Structure formats: structure tokens, C-alpha cells
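Colleague: One structure follows; several queries about it will come next.
The values are calculated or read from the model by the stated rules, or taken from the named source; none is laboratory data. This is a predicted model, so every value here is computed, not measured. Positions of Cβ are generated from backbone atoms using ideal geometry, with glycine treated the same way; all protein chains shown enter the neighbour counts.
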Amino acid sequence: MWFWFALGSAIFAALTSILAKIGIEGVNSNLATAIRTVVVVIMAWGMVLLTDTQGGIKSISQKSWIFLILSGLATGASWLCYYKALQVGKASKVVPIDKLSVVITIVLAFVFLHEEFTVKSLIGCALIGAGTLMMVL
């Protein structure tokens, strides 16, 4: 089941890039990010209320709060950078560089989460890096 959600994520991320590139024309990138964020917040809380899971907020540990807040700050910084890059660059160049996050995530997962880093992972990371380089040059 995770595969289908991951594929959906990739499809919606692709749509996000194209829709954002069209929508950001003539709009300050920070303002565009703020508008997008409000929509995401409304959608996320709508899902929480729809699934009646808001009661779980009381059981979130302090550690989880800290890391969820840090993750939110990282997301915000990512979106601000992404929208500025989309505003001044070509989507066909910005998006592949943004997707280097796959390689960075694999390395960080190995370092901080002690996840397995195999020869297959190394080859995949190298291919993603090489493919990104070929797309942006």
C-alpha cells in the first residue's frame, strides 16, 4: 500500500511544480508560499477532522512535538527556497535539483537513523546524482 501513496505523492509533487510555476508569475515568491501554506493547513486539518483524529494531539510526546516543529521549519524553508527558485528558474531545471533531496535523505537516514546503506543504494544515489547533473547542464 505504501507504494501507491508514494506514487501519488510523486504525481501530486509534479503537479505542484507545474501549477506553482504558472501561478507564481507576477507574484512575490514568499507571498505565494504563504498562500500555498494556508491551503495545505486547511486541507491537513480538514483530514484530521474528517477522520476524527484530533483527540490524538494530547498524547503527542515532547520529543515528537520538537521534531514535528523542526520538520515544519525545514518544510517552510524548503518551500520558500523552492518557490524562489521556480520564480527565477525553469521548472525543468529547478525540479531535478530539488529531487536531489532523495540522495540527501538516503545519506541522512544512514547517518542519523542508522538505516542500511547498500551497494544498491550507493549505485542508485550515484545514478540519481548523475541524472540530475545531465538534466541541468
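To keep it simple, each residue is scored yes or no on (1) touching a His at 6+ places or on another chain (Cβ under 6 Å); (2) among the hydrophobic types (A, V, I, L, M, F, W, C); (3) assigned by TED's automatic domain parsing to the domain that holds I35; (4) in contact (Cβ under 8 Å) with a residue 12 or more places away in the chain.
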position: L80; (1), (2), (3), (4): no, yes, yes, yes
position: Y83; (1), (2), (3), (4): no, no, yes, yes
position: V94; (1), (2), (3), (4): no, yes, no, yes
position: V103; (1), (2), (3), (4): no, yes, no, yes
position: L108; (1), (2), (3), (4): no, yes, no, no
position: F112; (1), (2), (3), (4): no, yes, no, no
position: V119; (1), (2), (3), (4): no, yes, no, no
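Colleague: Looking only at segment 45-63, how many residues end up being in a helix (DSSP H, G or I) and closer than 26 Å to A34 by Cβ?
Modeller: Number satisfying all stated conditions: 8.
Colleague: Condition first: surrounded by 12 or more Cβ atoms within 10 Å (Cβ to Cβ) and not in a helix (DSSP H, G or I). Now tell me which residues in segment 12-35 satisfy that.
Modeller: Result: I24, V27, N28.
Colleague: Can I ask one more? Right, W4: under 30 Å from G124 (Cβ atoms) and either of a type outside the set (D, E, K, R) or touching a Pro at 6+ places or on another chain (Cβ under 6 Å) (or both) or not?
Modeller: Against the criterion (under 30 Å from G124 (Cβ atoms) and either of a type outside the set (D, E, K, R) or touching a Pro at 6+ places or on another chain (Cβ under 6 Å) (or both)), W4 qualifies.
Results for (1) exposed (fewer than 11 other Cβ atoms within 10 Å of the Cβ); (2) closer than 18 Å to A10 by Cα; (3) among the small types (G, A, S), shown as yes or no for each residue.
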{"residue": "T37", "(1), (2), (3)": "no, no, no"}
{"residue": "G46", "(1), (2), (3)": "yes, no, yes"}
{"residue": "L49", "(1), (2), (3)": "yes, no, no"}
{"residue": "G56", "(1), (2), (3)": "yes, no, yes"}
{"residue": "C81", "(1), (2), (3)": "no, no, no"}
{"residue": "Q87", "(1), (2), (3)": "no, no, no"}
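Colleague: Still on this model: I need the full set of residues from segment 80-89 which are within 17 Å of I22 (Cβ to Cβ) and either hydroxyl-bearing (S, T, Y) or part of a helix (DSSP H, G or I) (or both), in order please.
Modeller: Y82, Y83, K84, A85, L86, Q87, V88
Colleague: Consider only pairs whose beta carbons are under 6 Å apart and that are at least six residues apart or on different chains; among these, list those whose first residue lies in segment 34-53 and is on the phi < 0 side of the Ramachandran plot and whose second residue is part of a helix (DSSP H, G or I).
Modeller: Listed by first residue and then by second, the contacts come to V48/Q54.
Colleague: State which residue is surrounded by the most Cβ atoms within 10 Å (Cβ to Cβ) when the search covers only segment 90-137 and only residues that are of a type in the set (K, R) and in a helix (DSSP H, G or I).
Modeller: The extreme case among them is K93.
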